[in-house]
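The values are calculated or read from the model by the stated rules, or taken from the named source; none is laboratory data. The model shown is predicted, which means the values in this text are computed figures rather than measured ones. Positions of Cβ are backbone-derived with ideal geometry, glycine not excepted, and every protein chain shown enters the neighbour counts. Keep in mind that these areas ignore ligands, DNA and RNA; they rest on the heavy atoms of the full protein, side chains included. Shrake-Rupley method; radii C 1.70, N 1.55, O 1.52, S 1.80 Å.
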Amino acid sequence: GRPAEAQARFTVAVRCPPVAFPGPSCRRLSQGAMDVVRHGIGLATDLYDLTIINAVRPQLEACYGPMSDSMNGAITSATSLGAMLGQLGFGVAADRFGRRGTFVATAALLCVAAAGSACSVSIGGLSAYQVLCLWRFLLGIGVGGEYPLSMAVTAENAARGHSAEKMAMTYMMFQVGQLLAPIWVLCLLYSGAADQVVWRLGIGFGAVLALIGTLLRAGTLKESEAWLESRKAAGAGSVLCSPGSFRAIGYPLLGTMSTYFVYDVVSWGVGSYTSSIFKASSATGTIWYMLLVNVMATPGFALTLCMGRFGRKTYQLLGFLGMAVCLFAVGLSFGSAPQAVLVIVFGLQKIFDSAGPGATTFIIPGEIFPTSVRATCHGASAAAGKLGAFVGMYFFPTVEHAIGFRGVLVLGSALLLLGFLLTLLLTPPYTERTLNELEAATKHDLAKTTAILWGRSSGECVSGSESVDDEGSEASGDDDSSTA
């Protein structure tokens with residue numbers, strides 16, 4: 001009973017092919033991307049917030065006057081001190097109360113502190129800089145909390161045999177934050193925005209990133225099954241920490257803390273001299289150079305995706321060695337070599353950095369410790385790194401007055417060689433199979449940790465349904481060629 005034209009439209013509609021819904025592979029891909037964003041958006045926010053303060057310093061000074069050296073140091077040290085407290089405090093809290101609640105809390109704290117920083121004004125007897133300093137301290141606590149939690153959650157949610165890949169992808173979110181900060185400030189500057197608008201929107205964008213992370217985690221993150229099992233074992237009266245546990249964990253913990261400390265002394269200490277290598281005559285030129293330095297690190301971040309094939313220890317050794325050679329070359333040639341040569345060599349140093357200890361000092365503590373103490377040990381390692389950053393930033397200028405800028409670069413090279421030696425002695429040559437064995441053997445007692453990491457376990461600790469299969473040794477993932 002339909003008219004001919006309506007009937008034709010109806011027939012065409014009926015004959016249209018059905019909508020093709022994504023298959024299992026597409027769903028796995030989208031879920032994997034969701035996991036990376038959810039676990040790593042806090043790291044992107046961290047690097048954004050730590051980078052943005054340098055990017056908008058000219059606009060801050062245009063609004064509130066020159067920032068004294070003491071105030072500049074106070075703002076930097078407030079963030080570093082807050083980060084150390086956050087790394088230690090949230091690390092312990094995550095092992096005691098669970099991953100989900102503390103992970104949401106760190107993102108929420110980042111959001112509030114970044115928004116407060118963007119709204120800083122003179123209040124009572126406090127200047128705008130002093131108010132900003134207080135907010136940056138709170139921001140540092142949130143920044144610090146992201147370190148142990150992002151790695152603990154990623155490691156415990158990674159499929160067997162894919163830990164290195166998942167950890168590397170989460171780590172790459174650092175680069176997202178490093179690139180976003182200068183790009184966003186350049187957009188604001190080229191839009192002709194006033195100085196007040198540039199610095200407030202520049203800092204305030206970090207609150208937007210943190211808010212996305214807060215909502216994403218609160219809505220989609222589930223409690224870690226591995227953590228729940230470890231808590232169940234402890235509640236059942238199992239021996240979670242035997243008398244030899246501290247001794248078993250102490251050796252690898254010394255390794256992660258010492259290498260993280262040495263790396264950050266050089267990374268933050270020498271990094272503060274980047275403007276001496278990349279000179280610019282304008283505010284936008286400075287931001288462009290900052291973006292260039294950050295882009296140089298991108299190939300190194302990409303190389304971390306192959307970490308599971310060649311081994312974490314191998315990456316750390318080659319990274320320390322490559323950074324040492326590049327810094328030594330820049331130190332010897334600074335002032336005499338063409339600018340283009342310095343840029344190329346410094347770019348190589350950034351690649352060795354981001355693919356080497358920049359990645360491994362962050363990833364290794366998240367993998368090699370038992371679930372029950374993973375966040376605590378990662379927090380302690382990261383706090384040692386922040387202490388190293390403080391030492392580098394505050395003592396390298398004094399050293400420069402004594403031995404000169406070229407001497408600082410050569411000293412940094414020597415310290416990186418020390419990191420190479422510490423890695424040889426204190427970093428375990430572990431593989432995916434080692435991690436599987438460690439998870440099964442340390443549910444009730446941590447005492448076998450060091451023996452398993454260095455391949456000295458007898459195999460008695462893994463039996464029955466907890467036996468280690470070869471699923472974790474895909475491709476050449478078991479061939480950690482760094483067994484030094």
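Counting only residues that are crowded, with 17+ Cβ neighbours inside 10 Å, of a type in the set (A, V, I, L, M, F, W, C) and over 25 Å from the mean Cα position of the chain (by Cα), segment 312-333 holds 3 of them. Among residues belonging to segment 300-311 that are surrounded by 23 or more Cβ atoms within 10 Å (Cβ to Cβ) and among the small types (Gly, Ala, Ser), point out the one that is nearest to LYS350 (Cα to Cα). Filtering segment 300-311 for residues that are surrounded by 23 or more Cβ atoms within 10 Å (Cβ to Cβ) and among the small types (Gly, Ala, Ser), the one nearest to LYS350 (Cα to Cα) comes out as GLY300.
Any residue at all in segment 278-290 that's open to solvent by 50 Å² or more (accessible area, probe 1.4 Å), under 22 Å from the mean Cα position of the chain (by Cα), over 30 Å from ALA164 (Cβ atoms) and at pLDDT below 90? No; the residues of segment 278-290 include none that is open to solvent by 50 Å² or more (accessible area, probe 1.4 Å), under 22 Å from the mean Cα position of the chain (by Cα), over 30 Å from ALA164 (Cβ atoms) and at pLDDT below 90.
Taken as a whole, segment 129-139 holds no residue that is in a helix (DSSP H, G or I), among the hydroxyl-bearing types (Ser, Thr, Tyr) and buried (at least 23 other Cβ atoms within 10 Å of the Cβ).
Conditions tested, residue by residue: (1) part of a loop (DSSP other than H, G, I, E, B); (2) open to solvent by less than 10 Å² (accessible area, probe 1.4 Å); (3) at pLDDT 90 or above; (4) of a type outside the set (Lys, Arg).
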{"site": "VAL12", "(1), (2), (3), (4)": "no, no, no, yes"}
{"site": "GLY40", "(1), (2), (3), (4)": "no, yes, yes, yes"}
{"site": "THR51", "(1), (2), (3), (4)": "no, no, no, yes"}
{"site": "ALA62", "(1), (2), (3), (4)": "no, no, yes, yes"}
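Of the residues screened, ARG100 is one that is of a type in the set (Lys, Arg), surrounded by fewer than 24 Cβ atoms within 10 Å (Cβ to Cβ) and either touching a residue at least 24 places away in the same chain (Cβ under 8 Å) or farther than 25 Å from GLY379 by Cβ (or both). Return a yes/no flag: does segment 71-82 have any residue that is more than 30 Å from LEU189 (Cβ to Cβ), part of a helix (DSSP H, G or I) and open to solvent by 10 Å² or more (accessible area, probe 1.4 Å). Scanning segment 71-82, I find at least one residue that is more than 30 Å from LEU189 (Cβ to Cβ), part of a helix (DSSP H, G or I) and open to solvent by 10 Å² or more (accessible area, probe 1.4 Å), so the answer is yes.
Can you find, within segment 103-128, the residue that is surrounded by the most Cβ atoms within 10 Å (Cβ to Cβ) among those that are without any contact (Cβ under 8 Å) to a residue 12 or more places away in the chain and of a type outside the set (Ser, Thr, Tyr)? Here the residue is LEU126.
Looking at VAL391, VAL341, which one is over 30 Å from MET71 (Cα atoms) and either surrounded by fewer than 17 Cβ atoms within 10 Å (Cβ to Cβ) or charged (D, E, K, R) (or both)?
Of VAL391, VAL341, the one residue that is over 30 Å from MET71 (Cα atoms) and either surrounded by fewer than 17 Cβ atoms within 10 Å (Cβ to Cβ) or charged (D, E, K, R) (or both) is VAL341.
Residues that are part of a helix (DSSP H, G or I) and open to solvent by 60 Å² or more (accessible area, probe 1.4 Å) within segment 148-165 comprise ASN157, GLU165, listed in sequence order. Would you mind stating whether LEU348 is in contact with a Gly (Cβ under 8 Å, 6 or more places away or on another chain), open to solvent by 30 Å² or more (accessible area, probe 1.4 Å) and at pLDDT 95 or above? Judged against the criteria, LEU348 is not a match. Cβ separations smaller than 6 Å between residues 6+ apart or across chains give the following pairs from segment 201-229 residues that are of a type in the set (Asp, Glu) to residues that are assigned to a helix (DSSP H, G or I) and crowded, with 18+ Cβ neighbours inside 10 Å: GLU223/ARG100.
When you scan segment 411-420, do you find a residue that is free of Cβ contacts under 8 Å to residues at least 40 places away in the same chain and more than 28 Å from LEU342 (Cα to Cα), even just one?
Among the residues of segment 411-420, not one is free of Cβ contacts under 8 Å to residues at least 40 places away in the same chain and more than 28 Å from LEU342 (Cα to Cα), which makes the answer no.
Whether a residue is touching a Ser or Thr at 6+ places or on another chain (Cβ under 6 Å) and closer than 19 Å to ALA389 by Cβ was assessed, and GLY140 passes this test.
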